[in-house]
Amino acid sequence: MSRISRPLFLLVGVLAMGVILMPTFDAAAQDKKKKKKDDPKEVKKDDKDKKEEKKEPFKPDPAQIEFKHVEKDKTSEKEKTFWVYAVVFGADGKTVAASYGDRSVRIFDIGKKSEVQALKGPAKDAKGLAQYKSLVYAGDQVFVGTGWWNDKKKAREGEIRAWDAKTGKSGKALAGHILDIEGLAISKDGKFLASASEDQTVKIWDLSKGADTITIKGHTDSVTNAAFSPDGKQLVTTSKDKTLRVWDIAGAKELASFKVEREAEVKDGKGKVTKQKELGREFTNAVFTSDGKSVIGVNLDGIIKIFDVEAKKETKELKAHEGIWALALSPDGTKLATGGYDQTIKLWNVADGKELRTIKAHLANVTTVSFSPDNQWLASGSTDGLVKIWSVK
């Protein structure tokens, strides 16, 4: 092959190979372009935003009335709010009392929409970091269950504070618990108080004597709440030991004990999964039904349980909302109100267990609810520092 023909041959060969390979290169380029287009990372931001669903911010429903207790910070001059631990209507339904995280009880006039009384305990409450977690408002008397650090004894003590709601004058404190009082209840006839304490006991107080007459023992952890039966002969309690118990008061005897059980999946060392029962989260509150035959309990799993006391068995379970802390039964016994971590209040029909209404109530956990004596209103309190009044007609 001559020097001239050889280069020409090579040139022709190169051009031929280009013609052959060109479709392949073009297909590869098209495929790369397609992959780039399909790559989620290459999706335009505008398109991505369009695909994402925007979650609406939680906006509470408008309440009929709203009360706010604030104090100015001495250093910053900014307004401070305090957790609302408990709310209770007065006997005439015209006022509502609320206990706050600043160790005070505020009484509000519903008609005037204003605060009419501020109740504060002794100086030792502030020094001992007392907490006013539980509240009873009976007649003209206000009682608060608390606990404070006794520096002399180097230990905490539980006491019940008392005030005259009209004059604001403090009464004699009822002392007896060796740890904080978590729950407080009053009998229907107004003669007895029940105090549930972190010391794992419940005490029954005779108000005419100003002394505790019965101590109930049996729980193995802090007792968080207590409620009397309509006839005042029995008591229902909840505890951090994850049980709900019913007691005969006169004999300080346990009549029934209930718990929440749930199924959990457990893996063994070989990875085999089996299902077994375990205790659910703790009961936080409980009440008797209006006929006194059953008790209603709520727990942090968001479950409402109804138990027959005499038969010692569960009769109904309702799935409500997670972290139920607040519970109240209407005076006529027909409605139940629950409040929880999801910032809502749910109203239930006691007879059939059907949900009647959901109220978007607060911007934080709902800690307490209370019906008015005429069944027309519901008061609620929250860690957002607000007390609200809702119509439940």
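Residue count for segment 353-377 satisfying the condition of being in a strand (DSSP E or B), under 16 Å from the mean Cα position of the chain (by Cα) and of a type outside the set (D, E, K, R): 7. For segment 79-115, the tally of residues that are part of a strand (DSSP E or B), crowded, with 18+ Cβ neighbours inside 10 Å and small (Gly, Ala, Ser) stands at 5. In segment 366-393, the residues that are free of Cβ contacts under 8 Å to residues at least 60 places away in the same chain form Cβ pairs under 6 Å with partners that are small (Gly, Ala, Ser) and surrounded by fewer than 22 Cβ atoms within 10 Å (Cβ to Cβ), at six or more places apart or across chains, as follows: Asn375/Ser330.
In segment 78-98, the residues that are not assigned by TED's automatic domain parsing to the domain that holds Val142 and at pLDDT below 95 never reach a residue that is buried (at least 21 other Cβ atoms within 10 Å of the Cβ) and in a strand (DSSP E or B) with C-beta atoms less than 6 angstrom apart, at least six apart or across chains.
Scanning segment 151-172 for residues that are in contact (Cβ under 8 Å) with a residue 24 or more places away in the chain and touching a strand residue (DSSP E or B) at 6+ places or on another chain (Cβ under 8 Å) returns Arg156, Gly158, Ile160, Arg161, Trp163, Asp164, Ala165, Lys166, Gly168, Ser170, Gly171, Lys172.
Out of everything in segment 139-172 that is modelled with pLDDT of 95 or more and among the aliphatic types (A, V, I, L, M), what residue ends up being nearest to Ser197 (Cα to Cα)? Here the answer is Ile160. Within segment 98-137, the set of residues being under 12 Å from Lys166 (Cα atoms) and of a type in the set (A, V, I, L, M) comprises Ile107, Val116, Ala118, Leu119. When restricted to residues that are closer than 18 Å to Val88 by Cα and either among the acidic types (Asp, Glu) or in contact with a helix residue (DSSP H, G or I) (Cβ under 6 Å, 6 or more places away or on another chain) (or both), segment 167-189 contains 2. Scanning segment 340-352 for residues that are within 30 Å of Val70 (Cα to Cα) and more than 18 Å from the chain's Cα centre (by Cα) turns up nothing. Residues in segment 59-109 that are aromatic (Phe, Trp, Tyr) and in contact with a Lys or Arg (Cβ under 8 Å, 6 or more places away or on another chain): Phe67, Tyr85, Tyr100.
The values are calculated or read from the model by the stated rules, or taken from the named source; none is laboratory data. For clarity, every value in this text was computed on a predicted model and none was experimentally measured. With ideal geometry, Cβ positions are generated from the backbone for all residues, glycine too; neighbour counts draw on all protein chains shown.
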